[in-house]
Amino acid sequence: MKIGLIGGTGGMGEGFALRWSFRHDIIVGSREAQKATEAAKIYTKIAKESYGNRMTGSITGGENLGVTKSSDILLLSIHYQHIAEMCTQLSKQLRDDCIVISPIVPMAKTGTGFVYIPLEEAKKPAAEIVADNIPYRSRIVSAFHTISEARLKNISESLDSDTFVCGDDRDIVATVNNLISEIAGLRAIYLGPLSITYQAEILTPMLLNSATRNKIKNPGIRIV
Ligand SMILES: NC(=O)c1ccc[n+]([C@@H]2O[C@H](COP(=O)([O-])OP(=O)(O)OC[C@H]3O[C@@H](n4cnc5c(N)ncnc54)[C@H](OP(=O)(O)O)[C@@H]3O)[C@@H](O)[C@H]2O)c1
């Protein structure tokens, strides 16, 4: 499968590229093609050192719009404030059958700790803004909000955690669940349709407040 990572030069992008390149062809996206190509070279070196000959995928880089055209799956590894502008641009290049994943957490740090922006500022959840700006709501899946970047990037580590998943089409959710299960120790927990994505997104500020106030490093969530 060809997996495009919009904003793939950032921390989460690196983690997803390293994890999924074991089996899939990853295209790291950036606003600058050269930045993406350089990141792809670095990620390839790390992945090959770890996986050796067992690696059947690849990592290349390109400008975000070109990446969008080539992708079966597109993961939006960008921040909340950039969703509307980025998705408006991408939507013109998006293939009809492309699945779009939003791991985006609308979060800010205030004097009281980490807060969920839609609740504080009466704004929409991240995946709802994605849905407002790309044509196919049923092809959007919201997931990965509580995954620690540091642990995702450490490919020798099992994540030993769950991630909540929201989406309207169960077949499309199943495809994303398969990708989730390919990340060692990560389990997908289906939460419901995209309209309740806020329940998944809001967990991250809660998790980070609990971590910082109780000195827990790189926390995750597990349903027992
Ligand atoms: N970090 C975590 O532990 C974590 C965990 C769960 C979910 N998330 C979510 O995952 C997403 C990515 O997080 P991250 O930590 O990887 O972020 P990051 O390291 O800051 O990377 C985000 C990428 O966004 C791109 N970007 C910057 N300004 C932009 C703009 N104006 N328009 C379009 N793209 C722009 C940059 O790529 P170029 O400069 O190359 O274009 C950058 O590499 C966020 O929504 C975050 O809430 C993060």
Notebook entry, point to check: Based on the alpha-carbon gyration tensor of the range 80-163 and its eigenvalue square roots a ≥ b ≥ c, which shape applies: rounded if a/c is under 1.5, prolate if not and a/b is larger than b/c, or oblate?
Noted result: oblate
Checklist line | Value at 222 nm in deg cm²/dmol, rounded to 500, when DSSP H runs of n ≥ 4 in the chain each add -39,500 (n - 2.57) | finding: -11500 deg cm²/dmol
Checklist line | Which of Gly29, Met107, Ala174, positive extreme of dipole for the range 2-213 (C-beta unit charges) | finding: Gly29
Item checked: Reachable lysines from Lys215, criterion Cα separation under 24 angstrom, eight or more residues apart if same chain -> Lys109, Lys153
Notebook entry, point to check: Mind listing the phi-derived Karplus ³J(HN,Hα) values for the range 197-202, rounded to whole Hz, using 6.51, -1.76 and 1.60 with θ = phi - 60°, and x for any glycine or proline?
Noted result: 4, 4, 5, 7, 5, 6
Notebook entry, point to check: Among Asn177, Asn64, Asn154, whose mean-square fluctuation peaks in a Gaussian network model of the chain (Cα, cutoff 10 Å)?
Noted result: Asn154
Notebook entry, point to check: Between His24 and residues 5 or more places away or on another chain, which pairs have amide H atoms under 5 Å apart, with H built 1.01 Å from N, and which residues are they?
Noted result: Gly57, Ser58
Next item on the list: Evaluate the charge dipole of the chain about its Cα centre and quote only its size in Debye, nearest 20, assuming +1 on the Cβ of each Lys and Arg and -1 on the Cβ of each Asp and Glu.
Entry: 540 debye
Next item on the list: Among the lysines, select those whose C-alpha is under 24 Å from the C-alpha of Lys92, and discard any that sit fewer than 8 residues away in the same chain.
Entry: Lys2, Lys35, Lys69, Lys124
Notebook entry, point to check: Among Thr68, Thr37, Thr175, whose mean-square fluctuation peaks in a Gaussian network model of the chain (Cα, cutoff 10 Å)?
Noted result: Thr175
Next item on the list: Grab the beta carbon distance between Thr175 and Lys109, set R0 = 41 Å, and tell me the FRET efficiency rounded to 0.05.
Entry: 0.75
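Taken together, the values in this text are just the output of simple stated rules run on the coordinates, not laboratory data. Treat the numbers as computed from the prediction; the structure is a model and nothing was measured. Heads up, the Cβs are rebuilt from the backbone with ideal geometry, glycines too, and the neighbour counts pull from every protein chain shown.
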